[in-house]
Amino acid sequence: MTTTATGGPRLRFAPSPTGSFHVGGARTALYNWALAHSMGGTFVLRIEDTDEVRNHPQWTAGIIDALAWIGIGADDPVFEGPYFQSENAQAHLDAAADLYARGLAYYCDLTTEQIQARAADSGRPGYDGYSRDRGLGPGPGHVLRFRVPDGTTVVEDLVRGRVEFDNATIEDFVLVRGNGTPVFLLANVVDDLSMRIDHVIRAEEHLPNTPKQQMLFEALGAPVPVWAHVPVLVNEQRKKLSKRRDKVALEQYRDEGYLPEAMVNYLMTLGWAPSGDTEIVAWDRIVDEFRLQDVTHSPAFFDIRKLEAFNGDYIRMLSVDEFIDRCRGWIPGDWDAERFVVMAPLVQTRVATLAEVAPMVEFLFVDDPVRDERSWTKAMGPEWAAPLLDESIAAYETAEWTADALKGALEAVGETHGLKLGKAQAPVRVAVSGRSVGPPLFESLEVLGRDETLRRMRGARADVTTG
RNA sequence: GCCCCCAUCGUCUAGUGGCCUAGGACACCACCCUUUCAAGGUGGCGGCACGGGUUCGAAUCCCGUUGGGGGUGCCA
């Protein structure tokens, strides 16, 4: 196993490649990452791929990409890995053999059905330790079970405090499957041991596993790591975020135009808050202030609305040049770059995600923008719409082609109808863009040019007559 | 069922016995600004689940109740 020279604490993030990368996993990774930095430690990435049926290589690549997107990657010296749990299978089996040799584990040949039947008969759920003293040896279909000792197991948790478990409530759990492969509980502990992990920070759903793993550390004669179980992320129904029913894929947020720095910042505020009266803070400060002891104890609702607000703030914090740069990939490559540069600052304050950029200015880059019926009806409805269009067309045929002049001209036309600019601009806006909302109108017209503006206005005017 | 965790505005949180007539953020509402829509500014609505203790004093400590959640696999 490779090691780094930092000598500080060693933390790990150990996802299993069973699907797209979960935002909850991202937060756990971020917590580990922040701590690795603030404590001068090492962040170890270990892919837990011991589930033969759900182990898909493409998911592993997805995890690594997603982590890189939020700033966690091999280009940082704090990062170590990725390691693959499956590659350590022999070490897991060696540990199992050791446990068996020392009488701390035993073989059992009961099938799941038989265990359930016994439980039903006795009225007590779970495995009853039937094979504890039957002296069975290894064999096909024989699972190796840990002999849970009497007493209580006390877990010292950095966020929960002291948690006590009566060992009598913990059944003799399986270490090695009937097919000879090690299960998570064992593999996880053995790997943490061989990778010299001393801080285990993971989601609260693992808390019930912890006494079992702690017993394993003790049985293996190893020091117990520092535990920290952070609350899970939940949906609106307050249920743990699930891949099946909730929008949890980090990749999806990336593809919808969320900025990684906004996502990182938001994720960190779920279960924790920076000091001061704003939650929008730079990563450096998060690293500086984040402490496990300050993590909340209760589940946090993953609120996409708030994420969106964060994202909008982050977009607005960008310089215009940066914003334009970030828009690359979000707007068609054949769009006139100069034209977009002019519009960019006007768009920047109006979007919450990068995905909203192109639709907002599309009308400036296509020949015939889609006409929104509701907008059309509303804007062209008043009887003054047609004459106003006529008069502004006339004015625009000779007006100086600058936003200010265009605004002044329309203002004057509106006045003759007793209209404020807010009302008067509506028919022109819909005529040119097809919609009633969009970027500032006169700047848009300036960019569009006299010929195209007049063409669209005349076309719209004709349609008003037609009805 | 059993084991474990949790409980401050709708949501995310600050609060670690007096600084709390409980602070901030998101959302929402109003007003201002204004070429639509945003952004921005100002203001507002809104919370310590309940009941007992402990204490001169409790959002903060203890117990109970209720309510949520997690786990209960030869998944991780």
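Within segment A:168-192, the set of residues being surrounded by fewer than 23 Cβ atoms within 10 Å (Cβ to Cβ) and either touching a strand residue (DSSP E or B) at 6+ places or on another chain (Cβ under 8 Å) or closer than 19 Å to A:SER16 by Cβ (or both) comprises A:ILE170, A:ASP172, A:PHE173, A:VAL174, A:ARG177, A:GLY178, A:ASN179, A:THR181, A:VAL183, A:PHE184, A:LEU185.
Of all the listed residues (A:TYR258, A:TYR266, A:TYR253), the sole one being of a type in the set (Phe, Trp, Tyr) and free of Cβ contacts under 8 Å to residues at least 60 places away in the same chain is A:TYR266.
Let's see how each residue does on (1) outside any loop (DSSP other than H, G, I, E, B); (2) within 16 Å of RNA strand B (Cβ to nearest atom); (3) farther than 29 Å from A:LEU193 by Cβ; (4) not acidic (Asp, Glu):
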residue: A:GLY73; (1), (2), (3), (4): no, no, no, yes
residue: A:ALA89; (1), (2), (3), (4): yes, yes, no, yes
residue: A:LEU93; (1), (2), (3), (4): yes, yes, no, yes
residue: A:GLN114; (1), (2), (3), (4): yes, yes, yes, yes
residue: A:ALA120; (1), (2), (3), (4): yes, yes, yes, yes
residue: A:ASP128; (1), (2), (3), (4): no, yes, yes, no
residue: A:ARG132; (1), (2), (3), (4): no, yes, no, yes
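Against the condition more than 14 Å from RNA strand B (Cβ to nearest atom) and free of Cβ contacts under 8 Å to residues at least 60 places away in the same chain, how does A:ASP368 come out, does it pass? In short, yes. Whenever a residue of segment A:310-327 is touching a residue at least 12 places away in the same chain (Cβ under 8 Å), its partners that are among the basic types (Lys, Arg), lying with C-beta atoms within less than 7 angstrom and at least six residues away or across chains, give the pairs A:LEU318/A:ARG326. If I filter segment A:283-318 down to residues being closer than 27 Å to A:VAL159 by Cβ and aromatic (Phe, Trp, Tyr), which single residue comes out as surrounded by the most Cβ atoms within 10 Å (Cβ to Cβ)? Top of the filtered list is A:PHE310. In segment A:140-157, the residue that is farthest from the chain's Cα centre (by Cα) out of those that are over 27 Å from A:GLU204 (Cβ atoms) and within 11 Å of RNA strand B (Cβ to nearest atom) is A:PRO140. Assessment of segment A:132-144 against the conditions (touching a residue at least 40 places away in the same chain (Cβ under 8 Å), surrounded by 17 or more Cβ atoms within 10 Å (Cβ to Cβ) and within 23 Å of A:VAL224 (Cα to Cα)) yields at least one matching residue. Taking (1) farther than 24 Å from A:SER433 by Cβ; (2) part of a loop (DSSP other than H, G, I, E, B); (3) not hydroxyl-bearing (Ser, Thr, Tyr) in turn, A:VAL287 satisfies each apart from (2).
Of the residues A:GLU362, A:GLU308, A:GLU383, the single one that is out of contact with any Gly (no Cβ under 8 Å at 6 or more places or on another chain), of a type in the set (D, E, K, R) and in a loop (DSSP other than H, G, I, E, B) is A:GLU383. Taken over segment A:78-107, the criterion of being without any contact (Cβ under 8 Å) to a residue 60 or more places away in the chain and touching a His at 6+ places or on another chain (Cβ under 7 Å) is satisfied by A:TYR107 alone. Taking the criterion of being buried (at least 23 other Cβ atoms within 10 Å of the Cβ) and β-branched (Val, Ile, Thr), the only residue of segment A:62-71 that qualifies is A:ILE63. A count restricted to segment A:29-61 and to residues that are surrounded by fewer than 21 Cβ atoms within 10 Å (Cβ to Cβ) and either farther than 22 Å from A:TRP272 by Cβ or under 16 Å from the mean Cα position of the chain (by Cα) (or both) stands at 12. Taken as a whole, the structure places A:LEU346 among residues that are over 22 Å from A:VAL248 (Cα atoms), buried (at least 16 other Cβ atoms within 10 Å of the Cβ) and within 8 Å of RNA strand B (Cβ to nearest atom).
Coordinate-derived values only; no laboratory data. For clarity, every value in this text was computed on a predicted model and none was experimentally measured. Ideal geometry is used to build each Cβ from the backbone, glycine not excepted, and the neighbour counts take in all protein chains shown.
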